[in-house]
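Reading through the structure tokens given below for one structure.
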Ligand SMILES: C[S@@+](CC[C@H](N)C(=O)[O-])C[C@H]1O[C@@H](n2cnc3c(N)ncnc32)[C@H](O)[C@@H]1O
């Protein structure tokens, strides 16, 4: 039987980074939460393990979430639709395929089954598996030129459907998904990659872009989770501003080499490091543990870690985890 794995190509997908991510997963935890699920590389990798955890998944992309729901709960009808689409598309010449692709792209299905079938069809036949929408939220990636794209992969979809059975999934902002975490749960955050330069390609997953205010919101959210005793792992851009955002909180920061799986420019597909941020030292510190050897390896300022306050520490749990209100930072130049 095929093991669960992502059924979509997804910009920023973490397939390449899996060994480093799996190493950073806590040895034991309650539920698994992934508020920026995208293609779900880590979720599906964890679903291959013998002990499967209940999961709470979220993403701001409504069509992506509808697709997950249909894969989980309406697989047989989805398979029939995709089989028809695959036959129709592959039976045409190059020009006919392009015309069919643009017809599909222009549709706005009302029902969830239609949304999911179109979403998977476009994902498999568009240029480079990219996902990009314009300001009005309309998908605008051009046609790709694959010789025989696998529009229907029944085994992969079946394995994904089984993996999703114990998962709750909703279209919502990352803060709403994170709010469900309880002490001992594990939250993995993989937000849109903060561009390393103004010229580097950026993928627009939803009509609202993820800006610097969102990065600050994410840091505050992670502080709050840490204060509640929730395990957190974040993968993000190693941009100096992102490093600066986390280096003074007692978090463990680690740079790992990764390759960008999807980039609109072939030249942009080289090795780009990824930053991993974990709150393991802070949770260990709270338990009066051993501390965190090697923690804050990237820290450049030598500032002291300031463990978050929490109800367990005698704080009121409502204060910002890092003590004084955080100064608002300028967006990266
Ligand atoms: C880097 S991708 C995640 C990739 C995923 N880890 C994988 O393995 O494929 C980031 C995801 O965040 C979603 N997103 C963007 N803004 C969001 C927000 N404010 N709240 C929740 N999800 C958001 C995007 O739709 C996208 O799917």
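Where a number appears in this text, it was derived from the coordinates with a stated rule and is not lab data. Just so we're clear, the structure is a prediction, and the values are computed from it rather than from any experiment. Because the Cβ atoms are built from the backbone with ideal geometry, glycine has one as well, and the counts that use them run over all protein chains shown.
Classify the stretch 68-130 from the C-alpha gyration tensor, please: rounded if a/c falls under 1.5, else prolate or oblate depending on whether a/b exceeds b/c. Taking the square roots of the gyration eigenvalues as a ≥ b ≥ c, the stretch 68-130 is prolate. Once the Cα-Cα distance is subtracted from the 0.36 nm per residue extended length, the residue 155 to residue 111 segment shows a gain of 13.4 nm. Determine the shape class of the stretch 116-170: with a ≥ b ≥ c the square roots of the Cα gyration tensor eigenvalues, call it rounded for a/c under 1.5, and otherwise prolate if a/b is greater than b/c, oblate otherwise. Verdict is oblate for the stretch 116-170. Once both labels are positioned 7 Å from their Cα atoms along Cα-to-Cβ, the gap between residue 90 and residue 127 label points is 2.6 nm.
By the count of neighbouring beta-carbon atoms within 10 Å, fewest first, 108, 73, 237 end up ordered 108, 73, 237.
The residues 9, 124, when put in order of fewest to most other Cβ atoms within 10 Å, stand as 9, 124.
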